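In what follows, a single structure is set out as structure tokens and then discussed.
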Amino acid sequence: MDQGTIEALVRLAWLAGAVGFVIGLIRMNSPATARNGNLLSAGGMALAIAATAIFVAQHGASTTAWLIIAVGIAIGGGLGLYAARTVKMTAMPQLVSLFNAVGGGAAALIAIDDYIRLAGEASAIPLRVSVPTVLDIVIGSITFTGSLIASSKLQGLISGKPIVVPGGRLVTIALAAIAAAGSVYLFLGNVSLPVMFVILAAALVFGVTMVLPIGGADMPVVISLLNSFTGTAVAMAGFVIDNPVLIIAGALVGASGAILTNLMADAMNRSVLNIIAGGFGGGEGTVAAVGGAGGSVREVSADDAAIQLAYAQHVIVVPGYGLAVAQAQHQVRELAELLESRGVDVKYAIHPVAGRMPGHMNVLLAEANVPYPQLKEMEEINPEFERADVALVVGANDVTNPAARRPGTPVSGMPILDVDHAKSIVVIKRSMGRGYAGIDNELYTDPKTGMLFADAKEGLASLISAVKAV
Amino acid sequence: MSAELADLLSALTIFVLAILCGFAVISKVPATLHTPLMSGANSIHGIVLVGSMLIAATATDPLSQVVSLIAVAFATMNVVGGYVVTDRMLQMFRRKPAARRPAEAAADPAPDQPAGPSGA
């Protein structure tokens, strides 16, 4: 085969890869076809990469070049495979963020490499080259450091609380201004390596100062947004090296990521802008506004709670963030099975944002072998709370707060689970500490509610042994 | 119209159509699938590996070689890790309640135990 034919075949393989991505994403919209969709997408990726290897061979790459590619793939592939296979399901969000960081980093590096090369050769760089190059560097760098910070926050390497430095917002704005001014200078046709590096540095620091003031519970939306950014950076890299498959895949992820970010923010009843503006919860002022909830708290022992559960007909379990943090998904499944063996009907009420990110709780419970049909989404389960003898809340807070139905509180308008409609309520929680919204939960002072103060894992373990003893 | 401008315009055409396509493919996704879908989209931008391989192929000076090595390693980590982790998540959704337990309990170590050899 001559060179032209091979190149045509390579381009067709890239196109086939892109088709795989699109159909894969469509199939991931529904649980039944999702896994198949992901495999299809992976197949498209493998095809595109194999075609690229043929393309590189066709252009007579040096031994050094092959060595770089082989070593790079071995290191990156090994690390990626190891991390993906060994990560605990509870640590999933920060790993996705880490993978997003390296993707954005790779996109930025392509543009940096290209710019260094061009700056050595040309005295003027046309707009159609400088615009995507600079955009790739800026967006890719912001994603790189921003995702690393998001990942560290979720991993607990740095505080998950919003970190607000006095004047921090001014620094962020100043960095944006520096990057913008540098970009305009380069767009005007000037060629300058130092200016490129100043833009790079400003964008890297911007990523840090952008994510630091955002609270840990908002990280899922931030990660999704940064994911969309990476897609855009990759599309820009496609313009830089004139490669259609990068443009297609990058634009696809950029756009679908933006939609997904909005869906996630909607599920949390927040706007994306509001989240980026940061500082929600944990701040002063939000707490005092509510007050009035007062009321006394009734504490229950594990034995009392176990008797309630064991003699109930319908029990609804409400798992939340605390369960995810304590990794108590196996204990909750064990308790549910124990109750079922006594003839109790057990269901799980899953709030859209239960766990550490949307859909995370489903993954955790699925991992613990909870039968999928027992997991009920909010709209489906809410009418059933009236018939539930006991609602068992494990480490969920704001998503159960009846105050959300009234205007004027930080959680107002947030969709909640109607836990307070149950005949009685048992809450396993470590302390009366406030949730992410920073307000008291009126559910805890409800006369129907008994509080079992314990870590989710210990509390469930004591319930399990108490139910066994009944 | 110069050939370069024509190239740019066709690249721009692809870009805009792909964006519209991206908007269209995410429809009414149940919240259940938000995390896997985000992770799946995350793997797709690992396509940057293609670009990283292409710059590695033409890298001649040491700086360029180092930059492209890091780019290839980063991008491969994105691709491999992204797809594997997404598959791990989705595999759990598919489990039929009837066919679980004994066989799997042996194959799949509980996460709170130290990772056994099968976990690596």
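The values are calculated or read from the model by the stated rules, or taken from the named source; none is laboratory data. Keep in mind that this is a model prediction, so the values were computed, not measured. We place every Cβ from the backbone using ideal geometry, glycine too, and count neighbours over all the protein chains shown.
If a residue must be among the hydrophobic types (A, V, I, L, M, F, W, C), at the interface with chain B (Cβ under 7 Å from one of its Cβ atoms) and in contact (Cβ under 8 Å) with a residue 24 or more places away in the chain, how many such residues does the range A:93-105 contain? Before the answer, list the steps.
Step one: filter the range A:93-105 for residues among the hydrophobic types (A, V, I, L, M, F, W, C), giving A:95-96, A:98-99, A:101-102.
With at the interface with chain B (Cβ under 7 Å from one of its Cβ atoms) added as a condition, the list becomes A:95-96, A:99, A:102.
Adding the requirement that they be in contact (Cβ under 8 Å) with a residue 24 or more places away in the chain leaves A:95-96, A:102.
Adding up the residues that qualify gives 3.
Out of curiosity, is A:THR143 among the β-branched types (Val, Ile, Thr) and in contact with an Asp or Glu (Cβ under 7 Å, 6 or more places away or on another chain)?
Answer is no for this residue.
Modelled with pLDDT under 85, more than 19 Å from A:LYS468 (Cβ to Cβ) and aromatic (Phe, Trp, Tyr): which single residue out of A:TYR321, A:TYR348 fits that description?
It is A:TYR321.
Do we find that A:LEU25 is part of a helix (DSSP H, G or I), in contact (Cβ under 8 Å) with a residue 60 or more places away in the chain and either among the polar types (S, T, N, Q) or more than 10 Å from chain B (Cβ to nearest Cβ) (or both) in this structure?
It is false that A:LEU25 is part of a helix (DSSP H, G or I), in contact (Cβ under 8 Å) with a residue 60 or more places away in the chain and either among the polar types (S, T, N, Q) or more than 10 Å from chain B (Cβ to nearest Cβ) (or both).
For the list (1) crowded, with 17+ Cβ neighbours inside 10 Å; (2) modelled with pLDDT of 95 or more; (3) more than 9 Å from chain B (Cβ to nearest Cβ), I need the number of the one condition that A:ILE49 fails.
The one condition A:ILE49 does not meet is (3).
Kindly provide the set of residues from the range B:53-83 that are β-branched (Val, Ile, Thr) and either closer than 18 Å to A:ALA83 by Cα or assigned to a helix (DSSP H, G or I) (or both), ordered by number.
B:ILE55, B:THR58, B:VAL66, B:VAL67, B:ILE70, B:VAL72, B:THR76, B:VAL79, B:VAL80
Evaluate the following for A:ALA179: is it closer than 30 Å to B:VAL50 by Cβ and among the small types (Gly, Ala, Ser)?
Yes, satisfied.
Which residue is surrounded by the most Cβ atoms within 10 Å (Cβ to Cβ), if the candidates are limited to the range A:363-381 and must be over 17 Å from A:GLU337 (Cα atoms) and within 8 Å of another protein chain (Cβ to nearest Cβ)?
Among residues in the range A:363-381 that are over 17 Å from A:GLU337 (Cα atoms) and within 8 Å of another protein chain (Cβ to nearest Cβ), the one surrounded by the most Cβ atoms within 10 Å (Cβ to Cβ) is A:VAL363.
Taking the range A:178-200, which residues are aliphatic (A, V, I, L, M) and surrounded by fewer than 15 Cβ atoms within 10 Å (Cβ to Cβ)?
Across the range A:178-200, the qualifying residues are A:ALA180, A:ALA181, A:VAL184, A:LEU188, A:LEU193.
Based on this model, can you work out whether A:VAL71 counts as outside any loop (DSSP other than H, G, I, E, B), at the interface with chain B (Cβ under 7 Å from one of its Cβ atoms) and surrounded by fewer than 15 Cβ atoms within 10 Å (Cβ to Cβ)?
yes
Hey, can you tell me all the residues within the range A:224-237 that are under 17 Å from A:VAL131 (Cα atoms) and facing chain B (nearest Cβ under 7 Å)?
A:THR230, A:GLY231, A:VAL234, A:ALA235, A:ALA237
Using the structure shown, decide if A:GLY413 is farther than 24 Å from A:THR449 by Cβ and more than 9 Å from every other protein chain (Cβ to nearest Cβ).
Criteria not met by A:GLY413.
Suppose we keep only residues that are more than 14 Å from A:GLY435 (Cα to Cα) and of a type in the set (D, E, K, R) within the range A:394-421. Which one would you say is surrounded by the most Cβ atoms within 10 Å (Cβ to Cβ)?
A:ASP418
Across the range A:418-442, which residue is nearest to A:ARG405 (Cα to Cα) among those that are aliphatic (A, V, I, L, M) and modelled with pLDDT of 90 or more?
For the range A:418-442, the residue satisfying everything is A:VAL419.
Can you give me the number of residues within the range B:1-50 that are part of a helix (DSSP H, G or I), more than 18 Å from A:ASN100 (Cβ to Cβ), small (Gly, Ala, Ser) and facing chain A (nearest Cβ under 7 Å)?
3
Checking the structure you have, find out if any residue of the range A:127-140 is within 21 Å of B:MET77 (Cα to Cα), within 14 Å of chain B (Cβ to nearest Cβ), under 22 Å from the mean Cα position of the chain (by Cα) and modelled with pLDDT of 95 or more.
The answer is yes; a qualifying residue exists.
So that you can scan it fast, the table gives a plain yes or no per residue for (1) part of a helix (DSSP H, G or I); (2) under 30 Å from A:ALA32 (Cβ atoms); (3) touching a strand residue (DSSP E or B) at 6+ places or on another chain (Cβ under 9 Å):
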{"position": "A:VAL370", "(1), (2), (3)": "no, yes, yes"}
{"position": "A:ILE381", "(1), (2), (3)": "yes, yes, yes"}
{"position": "A:GLU384", "(1), (2), (3)": "yes, yes, yes"}
{"position": "A:VAL393", "(1), (2), (3)": "no, no, yes"}
{"position": "A:VAL411", "(1), (2), (3)": "no, no, no"}
{"position": "A:ILE416", "(1), (2), (3)": "no, yes, no"}
{"position": "A:ARG434", "(1), (2), (3)": "no, no, no"}
{"position": "A:ILE439", "(1), (2), (3)": "no, no, no"}
{"position": "A:GLY459", "(1), (2), (3)": "yes, no, yes"}
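Taking the stated definitions as given, is A:LYS448 free of Cβ contacts under 8 Å to residues at least 40 places away in the same chain and either surrounded by fewer than 23 Cβ atoms within 10 Å (Cβ to Cβ) or over 16 Å from A:ILE416 (Cα atoms) (or both)?
Yes, satisfied.
Enumerate the helices (runs of 4 or more DSSP H) found wholly within the range A:172-288, keeping only those where 2 or more residues are modelled with pLDDT of 85 or more and either closer than 17 Å to A:ALA106 by Cβ or touching a helix residue (DSSP H, G or I) at 6+ places or on another chain (Cβ under 9 Å) (or both).
Here the list reads A:193-211, A:219-240, A:244-267.
Just to be sure, is A:ALA111 at pLDDT 90 or above and not β-branched (Val, Ile, Thr)?
Details: at pLDDT 90 or above: yes; not β-branched (Val, Ile, Thr): yes.
Here the answer is yes, as A:ALA111 does meet what is asked.
What are the pairs, 6+ residues apart or on separate chains, where a residue within the range A:112-132 that is in contact (Cβ under 8 Å) with a residue 60 or more places away in the chain has its Cβ under 6 Å from a residue that is of a type in the set (Gly, Ala, Ser) and not in a helix (DSSP H, G or I)?
Cβ pairs passing all conditions: A:ALA124/A:GLY189.
Pick from the range A:74-91 the residues that are touching a residue at least 24 places away in the same chain (Cβ under 8 Å) and facing chain B (nearest Cβ under 7 Å): which of them is farthest from the chain's Cα centre (by Cα)?
Applying the filter and picking the extreme gives A:GLY76.
Which number in (1) more than 9 Å from chain B (Cβ to nearest Cβ); (2) of a type outside the set (Val, Ile, Thr); (3) under 26 Å from B:ASP61 (Cβ atoms) marks the one condition that A:LEU12 misses?
Single failed check for A:LEU12: (3).
How many residues does the range A:20-55 contain that are within 22 Å of the chain's Cα centre (by Cα), closer than 30 Å to A:ILE68 by Cβ and not aliphatic (A, V, I, L, M)?
So the answer is 4.
A:PRO220: surrounded by fewer than 24 Cβ atoms within 10 Å (Cβ to Cβ) and either facing another protein chain (nearest Cβ under 7 Å) or not charged (D, E, K, R) (or both), yes or no?
no
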